[in-house]
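Below is one structure; the comments refer to it alone.
The values are calculated or read from the model by the stated rules, or taken from the named source; none is laboratory data. Source: prediction; values computed, not measured. Cβ: placed from backbone, ideal geometry, glycine included. Neighbour counts: every protein chain shown. Quick note on the areas: whole protein, heavy atoms, side chains included, nothing else; ligands and nucleic acids left out. Shrake-Rupley method; radii C 1.70, N 1.55, O 1.52, S 1.80 Å.
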Amino acid sequence: MLYIVPTPIGNLKDITLRALEALKSADLIVCEDTRQTQKLLKAYEIQKPLLSLHEHSGLGRVREITAHLSEGKSVALVSDGGTPLVSDPGFELLREVIRGKINFEVLPGPCALITAFAASGLATDTFSFYGFLPQRFAARKKFLASLEPREETLIFYESPYRLRQTLEDMKTVFGEREAVVARELTKKFEEISRGYLSELAAKFSSKKVRGEIVILTAGKGRKELFH
Ligand code: SAM
């Protein structure tokens, strides 16, 4: 059995009883960065063999894991934080597991986009999630332009180094709209900033931004909520 196990996105207490059970009973834990996962396991006094799986691992590693599963071993898949497969490795593995008719279970748990969405104060009736935007200037603008007419709340992951530029690009392409920057969710320096795109771009241009970030923007033509 493969267990897909969400882990905390900051606060180490955000782990479910089922997640701990799956980690404790696993024969093998497949993770992104073994050092990161060791920190979590140490906090919960769990000792297990670890095997890394990241975007460059290749099909060989995936087959190695499915071989363990076929031998009847229990394998837990985690990422560095949050729900595996959501902008994180695991897609190839799950595809092989589905093709091989191997049993798997996905445990619900922490996920940055859902936490940010619920905290945002933006419309929660519908949303779209786009993960990380393209890094190249032209590709990012083109992609944002394709989203301009969308009426639902839009959610993106972003690096702190590109935050200001992305907010400015969004202002240029979308025009003025309400948006939210959710930074360091569940952590000591959690900060949720709401305002027009231009207000947020100004706020984050004047200081060095650190930490993990989710950007959310209102959909086109949505009623203003913060002004
Ligand atoms: N699988 C993860 C999940 O379920 O949220 C996401 C993994 S993705 C590689 C990492 C990105 O998620 C970060 O760059 C950031 O955009 C967002 N993120 C993760 N933890 C966060 C946090 N505590 N606060 C804000 N954003 C976070």
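Can you give the extra length, in nm with one decimal, that the chain gains between Glu151 and Lys73 once fully stretched, where that is 0.36 nm per residue apart less the Cα-Cα distance?
This chain segment gains 23.5 nm when fully extended.
What share of the DSSP beta bridges in the chain is antiparallel, in percent to the nearest 5?
50 percent
To the nearest 10 square angstrom, what accessible area does Phe132 show with a 1.4 Å probe?
Answer for Phe132: close to 110 Å² accessible.
Treating the angle as unsigned and between 0 and 90°, give the value, to the nearest 10°, between the Cα long axis of helix 58-70 and the longest Cα principal axis of the chain.
50 degrees
Net charge near Glu184, counting Lys/Arg +1 and Asp/Glu -1 over other residues with Cβ under 9 Å of its Cβ?
After counting each charged neighbour, the total is +1.
Give me the orientation-averaged projected area of the Cα convex hull of the stretch 134-211, in nm², one decimal.
5.1 nm²
Once the piece of chain linking Ala43 and Ser128 is laid out straight, how much longer is it, given 0.36 nm per residue of separation minus the C-alpha distance between them?
Here the segment from Ala43 to Ser128 would lengthen by 27.2 nm.
For the stretch 2-106, give me the percentage of DSSP beta bridges that are antiparallel, rounded to the nearest 5 percent.
DSSP beta bridges in the stretch 2-106 are roughly 10 percent antiparallel.
Summarise the accessible area of the stretch 112-217 (1.4 Å probe, protein heavy atoms) by the percent that is carbon and sulfur.
Carbon and sulfur: 53 percent of the exposed surface of the stretch 112-217.
Please work out how much accessible surface Leu12 shows to a 1.4 Å probe, ignoring ligands, DNA and RNA, in Å² rounded to 10.
Taking all protein chains as shown, Leu12 has close to 80 Å².
Quick check: net charge around Val97, other residues with Cβ under 15 Å of its Cβ, Lys/Arg +1 and Asp/Glu -1?
Local charge sum for Val97: +1.
Taking a ≥ b ≥ c as the square roots of the eigenvalues of the Cα gyration tensor of the chain, is the shape rounded (a/c under 1.5), prolate (a/b larger than b/c) or oblate?
prolate
First compute the accessible area of the stretch 1-65 with a 1.4 Å probe, then give the percent of it belonging to carbon and sulfur atoms.
Within the stretch 1-65, the accessible surface is 48 percent carbon and sulfur.
Given the Cα-Cα distance of Arg95 and Leu12 and 0.36 nm per residue of separation, how much length would full extension add, in nm?
26.9 nm
In nm, give the distance between the simple-model label positions of Ala139 and His54, each being 7 Å from the Cα along the Cα-to-Cβ direction.
Here the answer is 1.9 nm between the modelled labels.
What is the distance in Å between the Cα centroid of the stretch 87-135 and that of the stretch 199-227?
The distance from the Cα centre of the stretch 87-135 to that of the stretch 199-227 comes to 22 Å.
³J(HN,Hα) across the stretch 148-157 via Karplus (A = 6.51, B = -1.76, C = 1.60, θ = phi - 60°), whole Hz, x for Gly/Pro?
Here the 3J(HN,Hα) series is 3, x, 5, 9, 8, 5, 10, 10, 9, 8 Hz.
For the chain, what does the helix formula give at 222 nm: sum of -39500 (n - 2.57) over DSSP H segments with n ≥ 4, over the residue count, nearest 500 deg cm²/dmol?
Mean residue ellipticity, 222 nm, calculated: -10500 deg cm²/dmol.
With just the Cα atoms defining each centre, how far is the stretch 1-65 from the stretch 158-191? Give it in Å.
Their Cα centres are 29 Å away from one another.
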